[in-house]
1. So B:C396 clears everything in (1) open to solvent by less than 10 Å² (accessible area, probe 1.4 Å); (2) in contact with a helix residue (DSSP H, G or I) (Cβ under 9 Å, 6 or more places away or on another chain) except one condition, right? Which one?
2. How many residues are at the interface with chain B (Cβ under 9 Å from one of its Cβ atoms), of a type in the set (A, V, I, L, M, F, W, C) and open to solvent by 40 Å² or more (accessible area, probe 1.4 Å) when one looks only at region A:2-38?
3. Give me a count of the residues in region B:275-300 that are more than 19 Å from B:A392 (Cβ to Cβ) and not in a helix (DSSP H, G or I).
4. Might you check whether a residue that is within 20 Å of B:E270 (Cβ to Cβ) and touching a strand residue (DSSP E or B) at 6+ places or on another chain (Cβ under 6 Å) occurs anywhere in region B:387-397?
5. Going through region B:371-389 one residue at a time, which ones are more than 7 Å from chain A (Cβ to nearest Cβ) and surrounded by fewer than 20 Cβ atoms within 10 Å (Cβ to Cβ)?
6. Where in region B:1-120 are the helices (runs of 4 or more DSSP H), entirely inside, with at least 2 residues that are open to solvent by less than 60 Å² (accessible area, probe 1.4 Å), on the phi < 0 side of the Ramachandran plot and free of Cβ contacts under 8 Å to residues at least 60 places away in the same chain?
7. In region B:233-250, how many residues are touching a residue at least 40 places away in the same chain (Cβ under 8 Å) and over 18 Å from B:R468 (Cα atoms)?
8. Report yes if some residue within region A:39-59 is more than 7 Å from chain B (Cβ to nearest Cβ), in a loop (DSSP other than H, G, I, E, B), modelled with pLDDT under 95 and out of contact with any His (no Cβ under 8 Å at 6 or more places or on another chain); otherwise report no.
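The values are calculated or read from the model by the stated rules, or taken from the named source; none is laboratory data. As the structure is a computational prediction, the values presented were derived from the model and not from experiment. Cβ placement follows ideal geometry from the backbone for every residue including glycine, while neighbour counts extend to all protein chains displayed. Note: accessible area is taken over every heavy atom of the protein model, side chains too, but ligands, DNA and RNA are not part of it. Shrake-Rupley method; radii C 1.70, N 1.55, O 1.52, S 1.80 Å.
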Amino acid sequence: MSLTLDEVRKVAKLARLEMSDADLATMQKQLSAILDYVDQLGQLNTDGVEPLAHPLPVANVFREDVIGTCLTPDEALANAPNRLADFFGVPAVFDTDEPVSH
Amino acid sequence: MSLTEKTAAELLALQAAGKASAVEITDAFLASIADRDQKVQAFMHVEGANAKAVAAVIDAKRKSGAKLGALAGVPIAIKDVLCTKGIPTTCSSKILEGFVPPYDATVVARLKAADAILIGKTNMDEFAMGSSTENSAYKTTRNPWDPERIPGGSSGGSAAAVAACLAPVSLGTDTGGSIRQPASLCGIVGIKPTYGRVSRYGMIAFASSLDQIGPFTHDVYDNALLMEIISGFDPHDATSVNQPVPAYTKTLNDKVEGLRIGVPKEFFGEGLDSEVEAAIRTALKEYEKLGAKLIDVSLPHSSYAVSVYYIVATAEASSNLARFDGMHYGHRTKQKADLIGTYAKSRGEAFGKEVQRRIMLGTYALSSGYKDAYYLKALKVRRLIKNDFDAAFEKCDVIMGPTAPTAAFKKGEKSDNPLAMYLSDIYTISCNLAGIAGLSIPCGFTKTNLPIGLQLLSPPFDEERMLRVARMYEAATDWHTKRPTV
């Protein structure tokens, strides 16, 4: 199964990965080769086979709703690329120039 | 024999007999790292002064007669995918450059509680994606048996650290073979426990339905010892299973009576190196001498495992790695952009090529219009692969074969061909898909003195017997005593 350059560009957009045209072209070649290999799965008849998403028969796990220890604001913010007071500074979600400041 | 060539069990015995202190042991390993790691390049970060301080506390505890943990005074290296409080944790990725976790992974907390000494963090393929450790964004780890060759991956740093005697034991993670394959290529013991046996809390997730943490050691006893410490239920990981942890070290030397070894013909087909095959056949004969019975079994869907894996693992990774968006921690682009643009630039700048490739593949496999053809199809074939194992284990107690199709390959040999690299995990991947346990033990060398590993696969939660089976062979051979000249 080969992918077109446009398809690769669309997947990169969905994956939130900005890449150069040259990288997109390489990706197109490599992903197509991998998908060609993976297409062997199509040879198998899997009618009526239950999908296996997880090796364990996982069920919801409940616990008592009790307060445990948690990170302090300083600990939680220690790795922030842009700390603004006790908040994470982020670029504006809408179309403005400056990050939100406090 | 110098301190650094000893096993954890020997280091514990030396301390108990008053013949070595935790400080002396730690100093010896730090000196070994200072001397040899420039050649091996196993470590991302070394805990010098802190490790010595912990060692001094353990020596003082011993002197005072206080109760000591099961790994007291034994240094351990930790793969850089596991969070260590106050110690940089990068996943060998630029996107986590400078990240310092505010908490310990459960396995790290358990090792600390057992009085182990965290000596450093080890290099790996970025986000555990790779089979050679060449995908690290920082350095290329060398195979201690031949510096021109790769140590395997993705836990190549942890495997090389133990093989080169830079640490007596280490932890790795295994999503498709990332413990067993480097253990095989470096001539040491590595286990992938049953899915759910060891808590994944604090492990930076790659593929959540496949990932497991496990130890690298020189021998099977040390492996059993580490497994006793790190296994067991953890309320922080809802997929960790609440089942008692057997005392693996206590039963290790109990003979397995009437052992039935399943030998799948699919593990001896095209692509298997003849020297590797010969070593595996010889190991199987050794088992027969020890009273085991070899039984032909079949895993008919083996040839689909790599395909299923590269859909399932990449789909899960594309979702797990969405958290690296440059907002709360990790790399954020310096370029000016809106929110979505900031995500895309941060990720495009700081994820390496293989990570981007896998995120792309996983995103595609989950995308509208392709999900049924790829992801759902892969999950169905995953069921067939698990059914193969269920059927095989009705006829045998353990399955054996090669861990990897070849011994260690040369640096750069497969780096331009992702598919060829993926195929080096051909014998290890199905174990993760089925959620069963696997172990690699040294079973010989090629003519050019490269280690070969024998893989054991066992039914879920049957590590106790699998370790005993591995020990049977180890007790009759001396491969595990070999150390490379670095």
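1. (2)
2. 2
3. 2
4. No, there is no match, as no residue in region B:387-397 is within 20 Å of B:E270 (Cβ to Cβ) and touching a strand residue (DSSP E or B) at 6+ places or on another chain (Cβ under 6 Å).
5. B:K371, B:D372, B:A373, B:N387
6. Working: elements: B:8-16, B:22-40, B:49-64, B:106-113.
Correct list: B:8-16, B:22-40, B:49-64.
7. 7
8. Here is the first cut: in region A:39-59, the residues more than 7 Å from chain B (Cβ to nearest Cβ) are A:39, A:42-43, A:45, A:47-48, A:57, A:59.
From what is left, the residues that are in a loop (DSSP other than H, G, I, E, B) are A:45, A:47-48, A:57, A:59.
Those left that are additionally modelled with pLDDT under 95: A:57, A:59.
With out of contact with any His (no Cβ under 8 Å at 6 or more places or on another chain) added as a condition, the list becomes A:57, A:59.
Yes, that holds for at least one residue.
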